[in-house]
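Okay, so here's the structure we're looking at.
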Amino acid sequence: MAVEVRDLDTGATRVLDVTGLFVLVGLTPNTEFLNGLIKLDEAGHVPVKPLMETETLGVYAAGDVRQHSARQLVSACRGWC
Ligand SMILES: Cc1cc2nc3c(=O)[nH]c(=O)nc-3n(C[C@H](O)[C@H](O)[C@H](O)COP(=O)(O)OP(=O)(O)OC[C@H]3O[C@@H](n4cnc5c(N)ncnc54)[C@H](O)[C@@H]3O)c2cc1C
């Protein structure tokens with residue numbers, strides 16, 4: 001397996017032989033659709049109480065979108081870290 005990478009400054013490309021690939025998807029939560037519906041922090045994460053309640057009655061948030069989430073699978077499943 002190989003990947004072709006491009007230097008964003010020079011535009012030069014080169015091919016790297018690799019045995020695996022981890023994709024960096026960034027850290028911006030996909031929560032724009034919630035804006036105005038529930039409170040978000042400056043980074044776009046959802047502040048929650050210990051049982052994952054948001055400030056809006058009946059609305060809960062789980063997983064990586066939560067404020068202060070550890071951004072790991074186990075904490076996303078467990079609900080809080
Ligand atoms: C490359 C990579 C490697 C990782 N490796 C590890 C690891 O080794 N160990 C570990 O513990 N964690 C790892 N993680 C972190 C782990 O994947 C996340 O913590 C976990 O997936 C978070 O689960 P989630 O359900 O909150 O979010 P996600 O898994 O991102 O699920 C959110 C889902 O919601 C969908 N969605 C988004 N917006 C909308 C919308 N408007 N309408 C409908 N659906 C929508 C998305 O398509 C997605 O399917 C890794 C993450 C990445 C990117």
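The values are calculated or read from the model by the stated rules, or taken from the named source; none is laboratory data. Given the structure is predicted, the values throughout are model-derived calculations rather than measurements. Here Cβ is always computed from backbone atoms with ideal geometry, including for glycine, and neighbour counts include all displayed protein chains. Accessible surface is based on the protein model in full, side chains and every heavy atom, while ligands, DNA and RNA are left aside. Shrake-Rupley method; radii C 1.70, N 1.55, O 1.52, S 1.80 Å.
Here are a few things to note about the model shown:
- Top-ranked residue of region 19-66 - restricted to ones that are within 13 Å of the ligand (Cβ to nearest atom), of a type in the set (Gly, Ala, Ser) and in a loop (DSSP other than H, G, I, E, B), ranked as most open to solvent (accessible area, probe 1.4 Å): Ala62
- Any hit, region 3-12, residues being touching an Asp or Glu at 6+ places or on another chain (Cβ under 8 Å) and either assigned to a loop (DSSP other than H, G, I, E, B) or more than 10 Å from the ligand (Cβ to nearest atom) (or both): no
- Residue list for region 67-81, restricted to those being surrounded by fewer than 13 Cβ atoms within 10 Å (Cβ to Cβ) and not in a loop (DSSP other than H, G, I, E, B): Leu73, Val74, Cys77, Arg78
- Pick from region 1-18, criterion exposed (fewer than 10 other Cβ atoms within 10 Å of the Cβ) and charged (D, E, K, R), ranking: farthest from Ala61 (Cα to Cα): Arg14
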